[in-house]
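The values are calculated or read from the model by the stated rules, or taken from the named source; none is laboratory data. Given the structure is predicted, the values throughout are model-derived calculations rather than measurements. Note that each Cβ is placed from the backbone with ideal geometry, even for glycine, and that neighbours are counted across all protein chains shown.
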Amino acid sequence: MLRPFLLLLLLTTLLFSASVKQDLDGAKKNLYSTSKEKQFKAYDTYKRHYIRALINGDVKTQKRCLDGICIAGKKLRIDVSDYQNKRSKLESGSSSKQKASVTKTEKIKQVKVKKEKKVKIRSQHALRGFTWEGNALVLDFDFTLKAKDVNYFKLRPEGKKGYRYIFDVNAIVYKKPVIRHKEIKRITVSQYRRDTIRIVIESSKELTPRFRRDGGSLVITLGVSKVNAPKAKQMPRVTKKNKLIVIDPGHGGRDGGAVGFKKYLEKTIVLQVSKRLAKILRQEGYRVKMTRDRDKTLSLKWRTKFTRKNKPDLFLSIHANAVPKKNAHKARGVEIYYLDAKKGSKRSSRLERKENAADYRAMDSSISKLFSATQSRAKVLESNFLAIDLGQNVVSRLRDNKYKVKDAKVAGGNFWVLVGATSAAALVEVGFVSHPQEVKLLVNKRYQQAFAEGLADGVDQYFMNKARRH
Ligand SMILES: [Zn+2]
């Protein structure tokens, strides 16, 4: 009885190793193919056989599989550091043949690194926006896309339902667009690496995406139903080169502004948000000047003088709010104010005192009266429009990023810092530093970025609506 059993075992082993060899040879072929799908297949095969080899104690196959996993991981940009560690542990006592294959891995590594260094990303290499054209998603870049700039592959993540279609583009994104389609689970755009944007299209059913480059556009046809272009949310296009925006981060230096929960300071938070906003606007093509870009004491007089001198198309003063401790839990949310001497409500007059406090007394009352008189109704109206656009876009950005926020309050008030502006101006109260939960968001990088993106959306929309009005 023993002999046939041994024979059977030998036969299975032979057959098994033959299929292993066949599989791994196939994987090797796929690994060096240019198709991401095939590379992923190879990755999968290596992983499957690695586990088998681990069970069988077959070190040679383990090494071969780990090498394959590492190369595939590099190509597919999957984190394979665990496998790399396992591979280097197996390395001790390896034969020269295996060393050669490691050298090959290392060579690929070096080539990759060199390639990465070579890619010089300029600020012009950016995603500008998107539109739906029928059933095609059109992503607009500000440079002509070459074949090497776009990398497409498909993934079926293990243990997860659905399909992922992934586009890597050699570019940067400053303001992540919110792209939705009712038949697609999720479309996300993220800065995957310093020089690479990753667009992930997640779908529960299988799609048949096709894509083509068209100058500065990447046109992706997804095989879904058409989208009515006017209804789709898209980033407006306005000639931005000639538009100057002055951003004024409130307070600074000796003047800390409002002191919040856990002693968070208004001056620090508003500078962080302002810098993010300045960066986004600059990358979008606007000209931007800041009254301060560091922790510095500035007088109100200096701020208004600076603004008058620069004659910006838009002036934004960024602040954070606070209420006394007993009301700390009640007051939260975004508030946007525009200069309107006649409309000061009770609430804003308390706020006015706070925000004007820096050197309010230094302002001669006759000068302030003169300033009020020079405020044209047109400017008040424009500023009112601006405040509405800012408020709506900030809230919608924050909600897109899953933050629960109430609608922004928009009101007129007497803020002297706005007096210097020759055109539309607004004072943004980003939130309440006195609120124990809200302050945690206000110091959070992701929240600040979403907030700044919302403000930038608001600026875009204001200019677009203004062009329509005139
Ligand atoms: Zn303030």
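Within the stretch 174-270, which strands (runs of 3 or more DSSP E) (wholly inside it) include 1 or more residues that are under 27 Å from Asn393 (Cα atoms), at pLDDT 85 or above and of a type in the set (A, V, I, L, M)?
So the answer is 186-193, 196-203, 217-221, 244-249.
Restricting to the stretch 251-267, name every residue that is farther than 18 Å from Lys325 by Cα and either within 12 Å of the ligand (Cβ to nearest atom) or in contact (Cβ under 8 Å) with a residue 60 or more places away in the chain (or both).
Scanning the stretch 251-267 gives His251, Gly252, Asp255, Lys267.
With the requirement that a residue be at pLDDT 85 or above and among the polar types (S, T, N, Q), what does the stretch 34-63 give you?
Gln39, Thr45, Thr61, Gln62
Determine, yes or no, whether Val270 is of a type in the set (A, V, I, L, M) and within 11 Å of the ligand (Cβ to nearest atom).
Yes; evaluated as a whole, the condition is true for this residue.
Output the number of residues of the stretch 432-442 satisfying the condition of being more than 16 Å from the ligand (Cβ to nearest atom) and touching a residue at least 40 places away in the same chain (Cβ under 8 Å).
2
Would you be able to tell me the number of residues in the stretch 289-329 that are of a type outside the set (S, T, N, Q) and within 14 Å of the ligand (Cβ to nearest atom)? Outline the logic, then answer.
As a first pass, look at the stretch 289-329 and keep what is of a type outside the set (S, T, N, Q): 289-290, 292-296, 298, 300-303, 305-306, 308-309, 311-316, 318-320, 322-326, 328-329.
The next check asks that each one be within 14 Å of the ligand (Cβ to nearest atom); those that pass are 292, 298, 300, 303, 316, 318-320, 322-323.
Qualifying residue count, the stretch 289-329: 10.
Name the residues in the stretch 51-82 that are over 27 Å from Ile199 (Cβ atoms), surrounded by 15 or more Cβ atoms within 10 Å (Cβ to Cβ) and either in contact with a Ser or Thr (Cβ under 8 Å, 6 or more places away or on another chain) or touching a residue at least 24 places away in the same chain (Cβ under 8 Å) (or both), would you?
Across the stretch 51-82, the qualifying residues are Arg52, Ala53, Thr61, Gln62, Lys63, Arg64, Cys65, Leu66, Asp67, Gly68.
Looking at the stretch 149-171, is at least one residue in a loop (DSSP other than H, G, I, E, B) and under 29 Å from Gln283 (Cβ atoms)?
There is at least one residue in the stretch 149-171 that is in a loop (DSSP other than H, G, I, E, B) and under 29 Å from Gln283 (Cβ atoms).
Scan the stretch 410-417 and tell me whether some residue there is at pLDDT 90 or above and within 16 Å of the ligand (Cβ to nearest atom).
So far as the stretch 410-417 goes, no, none of its residues is at pLDDT 90 or above and within 16 Å of the ligand (Cβ to nearest atom).
When you go through Glu429, Glu355 one by one, which is the residue that is of a type outside the set (A, V, I, L, M, F, W, C), within 16 Å of the ligand (Cβ to nearest atom), in the same structural domain as Gly252 (by TED's automatic domain parsing) and modelled with pLDDT under 80? If you could, list the steps in order and put the result at the bottom.
Numbers: Glu429 fails: modelled with pLDDT under 80.
Result: Glu355 is the single residue among Glu429, Glu355 that is of a type outside the set (A, V, I, L, M, F, W, C), within 16 Å of the ligand (Cβ to nearest atom), in the same structural domain as Gly252 (by TED's automatic domain parsing) and modelled with pLDDT under 80.
Inspect the stretch 282-298 for any residue being touching a helix residue (DSSP H, G or I) at 6+ places or on another chain (Cβ under 7 Å), closer than 19 Å to Asp457 by Cβ and either among the hydrophobic types (A, V, I, L, M, F, W, C) or not in a strand (DSSP E or B) (or both) and give the result as yes or no.
Taking every residue of the stretch 282-298 in turn, at least one turns out to be touching a helix residue (DSSP H, G or I) at 6+ places or on another chain (Cβ under 7 Å), closer than 19 Å to Asp457 by Cβ and either among the hydrophobic types (A, V, I, L, M, F, W, C) or not in a strand (DSSP E or B) (or both).
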